[in-house]
Every structure is written in structure tokens, then in C-alpha cells.
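Laboratory data are not the source of any read-out in this text; all were calculated from the coordinates shown. All figures in this text were calculated on a predicted structure; none of them were measured in a lab. Methodologically, a virtual Cβ is constructed for each residue, glycine included, from the backbone with ideal geometry; neighbour enumeration extends over all protein chains shown.
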Amino acid sequence: MRDIRKWFDGNVAHFVCCIGWQVKRALKHSWVTIWMAIMLSLLPLAAYAAEVKSDYDRSFNLSNLQSFKFVDQTQRSAKDALAGNELATKRIQSAIHKNLVELGLHQQETKADFVITYYAALRNRAQITTSGRPLWAAGRIWVDQYAEGTAIVEFRDAKSGDLIWRGLVTDAVDPNKSEEKINKAIKKLIERFVKDREKQQRTGSHD
């Protein structure tokens, strides 16, 4: 009887040890997955949404801008991401025109108040995709690299050629982007111009 009890105690101890090792291994795997998910979640949120920035000449009254025209940019620099991309070029110009007209401005080829130029630049971005429940080791995480296009739009005084407003919006130029998404990005950019104009009126930061 004593031998049987000794054998039983030994096997139970071995069983508990094995179970504990399996649990420890599972927890270790889960914590590794959780740590990876946390680190990936700390990547800039700008990777998922358009970011808008702008600056303008405080001495110039933006409210005086009523008419515009586009500069002929047929010959673009090789550094311009729009070079050779006729469809994206047309879509961006059409979106700029549409949003400015909706503000009450109008296109005028002669004696326009300001002229418009626009460019694009590409940079690499990371996009995170998950499936299942990666936090509990029951799914997968993918990190894909892709080219994100930033559109830069400049307004210049038609008489002096001086730069009076400049804005940029990320995630606007991409071969996989639909025309609707380009329109949304440019709409955000023109909305920033409106905010800058309103801010200038409130602060009176012009001559």
C-alpha cells in the first residue's frame, strides 16, 4: 500500500508539473502577442487618417481673395509625384476648383486675385491589419508597407507672386485611391483654408 501511494503521489506531482509548464508556455505566448499588439498600437494614428497642415502670410488679408486661376504645370519636376499621373492631377485640380466655388469664389483667367499651384510627394507608411483575437493568441497581425501621397497646395498673389497661403494634406495621392477619397482629402484642405481665413478675421492679424 505504501508503494502504491508513493507511485500515485509521484505521478500526480509529475502531472501537475506538466500542466504548469503548459500553462506557463501558453501565458508566455499570450504575453508576447499582447506586447506586440501594444507596440503596434502605439504607431502614429496619422497612418490611418488624413493629416492637414497649413500656414499663411499674416500681413495679407485672405478675405480679399475672390477670384483664382490655376498655373499651367504641364512640365512638372521629376520629384513631383504627379509627374506622369494625369488622372490624379485632374482629380486634384477638379476637387480644388469645386470646393473653392462652393465657398463663393470663382475662376477667372484674367485679373485673378490669386493663382494656384499644387504638387504631391510620396513617403512610406505602415498599415496594421488584424484577424481573430490576436491579444489572446487566437489571431494574426499583418504590417503592410505602402506609399502614401501628400498633396501640397499653394495660393500666391497674382500681382506680386508672393506666397500667401500653403496647405498640405496626407493620404491624398495613391494609385489605389478612388476619386471620392481624393475629393474628401482636398475638401479637408480647403476647410483648413476657411478656418485660417476666419481666424485671421477674429484676430485681425493683417494690415
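Per-residue packing, averaged as other Cβ atoms within 10 Å, sorts the ranges 192-203, 161-172 into the order 161-172, 192-203, beginning with the highest. Computed from label points 7 Å out along Cα-Cβ, the spacing between Ala83 and Val194 is 3.5 nm. Near Gln107, the amide H atoms lying under 5 Å from its own belong to Phe68; only residues 5 or more places off or on other chains count, and H is placed 1.01 Å from N. The stretch between Leu163 and Gln107, if pulled fully straight at 0.36 nm per residue, gains 18.3 nm over its current Cα-Cα span. How much net charge surrounds Ala112 when only the other residues with a Cβ under 15 Å from the Cβ of Ala112 are counted, with Lys and Arg +1 and Asp and Glu -1? With Lys, Arg at +1 and Asp, Glu at -1, the net is -2. Each of Asp55, Asp80 was scored by other Cβ atoms within 10 Å of its Cβ. Listed from fewest to most, they are Asp55, Asp80. With 18 Å as the limit on Cα-Cα distance, the pairs of Lys159/Lys199; Lys98/Lys187; Lys90/Lys184; Lys111/Lys187 that go past it are Lys159/Lys199; Lys111/Lys187.
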